[in-house]
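The values are calculated or read from the model by the stated rules, or taken from the named source; none is laboratory data. Not measured: the values here are computed from a predicted model. In this analysis, Cβ positions are derived from the backbone assuming ideal geometry, glycine residues included, and neighbour counts consider all displayed protein chains. Just the protein is used for accessible areas: all its heavy atoms, side chains included, with ligands, DNA and RNA removed. Shrake-Rupley method; radii C 1.70, N 1.55, O 1.52, S 1.80 Å.
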Amino acid sequence: MKDFLDKLFGKVPEETAEPDLDMPDLDDEDELDFTVSDDGPEDDNNTFINSLEMLSEEDVPLSSGAVQKKKTPMDIARTCVFYISAAVFVVSCVLLLKNFIDQQRGDAIYGELQDMFLGDGFDVTLSEMREDGDALLLNKDMGSSGLSSMTDALNKISAGESIEIPVQNQYNEELAKMRARLQSLGTINEDIYGWIHVDGTNIDYPLVQGDDNDFYLDHAFTGDPLVIGSIFVDYRCDDMIMRNYNTVFYGHNITSGKMFHDVEQFFKDEYFYSKLIYVYTLDGIYIYEPFAIYQSRYDNNYFKTGFTSFDDFIDFTEKVKGDAAKVKDLEFLETDRMITLSTCTNGAATDRYALHAKLVDYIID
């Protein structure tokens, strides 16, 4: 041990190993003056102490929790991206929640209206129809007025005259019920135009017509704000459906299957070749057969409502057939009428689905 201490502190001469310290007696008030002589030998301990005294603030590292590093532009960019992403996530969650709540509200609103309107509603399918030349007509024993009276009917309508075509009592009763229900809906919203129904689909909604084509994009039939909107008629169309060569209906394509989502189904043969579209109005029940469906752009004027002449209308029907992904070669005469169902594709914002259907029969009294 002695050898180790000698190496560590240097060998101490024996005669000075135990110095005689003659310390003066000090009173409590006396102060001891401890000073380090610069003249003394510089050993390892003094070197360490002196080095500590020479350290500056910059030489002493901070603790890991207090390390401050100058941020680079890349660090700032990452921070900005993080906060922007977090904000987008929060907003997206809020919008999704609002959309979900609105869809639930829409289901409640329109479900109640469907129960009120249809109940034991009128319905006919293509399987119950027969061919008569190039036209499909309801069986005569079912009380249909038939297309043979269409010319006279249109002439009377154009002249402002009322139309009275007798039908069987069962249809008189059904028409009376339908009109009473539409009148009840009119007390909820005076913009009521009618009702559209397609058997075997979710297309079963009241029709409204506003002063423009914007309001009912995000308002319910009741007039309340609702993200899924309403099924509405182009504001440029006449309120009497028989006066329109082409009556256009708009509705959102809700991915849950609501509103006009099922327009997509008509790309399938089992829908395109077997379904009919029913439009109920205060004037009567109008039955349409789909003849063309395709994807188009919003500015392709597939929703044309104004025609300068009968030839203009025929040219339009031929254009529609030429654009169609699925088509029936139905002939159009001057007395014929059609409807167009328009909805978005949920793809590009400019894309739309267009379904066109020809009036093949109607029931009025």
Of (1) within 23 Å of D361 (Cα to Cα); (2) touching a residue at least 60 places away in the same chain (Cβ under 8 Å); (3) of a type in the set (F, W, Y), F221 fails just (1)
Considering region 316-358, residues that are within 17 Å of F267 (Cβ to Cβ) and polar (S, T, N, Q), and then whichever is modelled with the lowest pLDDT, we arrive at N346
How many residues of region 266-292 are surrounded by fewer than 20 Cβ atoms within 10 Å (Cβ to Cβ) and part of a strand (DSSP E or B)? The answer is 0
When region 293-328 is checked residue by residue, the ones that are farther than 22 Å from C344 by Cβ, assigned to a loop (DSSP other than H, G, I, E, B) and in contact with a strand residue (DSSP E or B) (Cβ under 8 Å, 6 or more places away or on another chain) are F307, K328
Within region 236-260, the residues that are surrounded by 14 or more Cβ atoms within 10 Å (Cβ to Cβ) and under 23 Å from the mean Cα position of the chain (by Cα) are V248, F249, Y250, G251, H252, N253, I254, K258, M259, F260
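Of the residues that make up region 73-93, is at least one in a loop (DSSP other than H, G, I, E, B), modelled with pLDDT of 65 or more, open to solvent by less than 80 Å² (accessible area, probe 1.4 Å) and more than 28 Å from S256 (Cβ to Cβ)?
Taking region 73-93 and keeping what is in a loop (DSSP other than H, G, I, E, B), we get none.
Within region 73-93, not a single residue is in a loop (DSSP other than H, G, I, E, B), modelled with pLDDT of 65 or more, open to solvent by less than 80 Å² (accessible area, probe 1.4 Å) and more than 28 Å from S256 (Cβ to Cβ).
Could you tell me whether any residue of region 237-246 is among the basic types (K, R) and within 24 Å of I109 (Cα to Cα)? Step through it out loud before you land on a result.
The first filter runs over region 237-246 and keeps only residues among the basic types (K, R), leaving 243.
Checking the rest, the ones that are also within 24 Å of I109 (Cα to Cα) come to none.
Looking for residues that are among the basic types (K, R) and within 24 Å of I109 (Cα to Cα), one finds none in region 237-246, hence no.
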For region 329-361, the count of residues that are closer than 16 Å to N246 by Cβ and either among the acidic types (D, E) or part of a loop (DSSP other than H, G, I, E, B) (or both) equals 7
For region 233-258 the number of residues that are touching a strand residue (DSSP E or B) at 6+ places or on another chain (Cβ under 6 Å) and among the aromatic types (F, W, Y) is 2
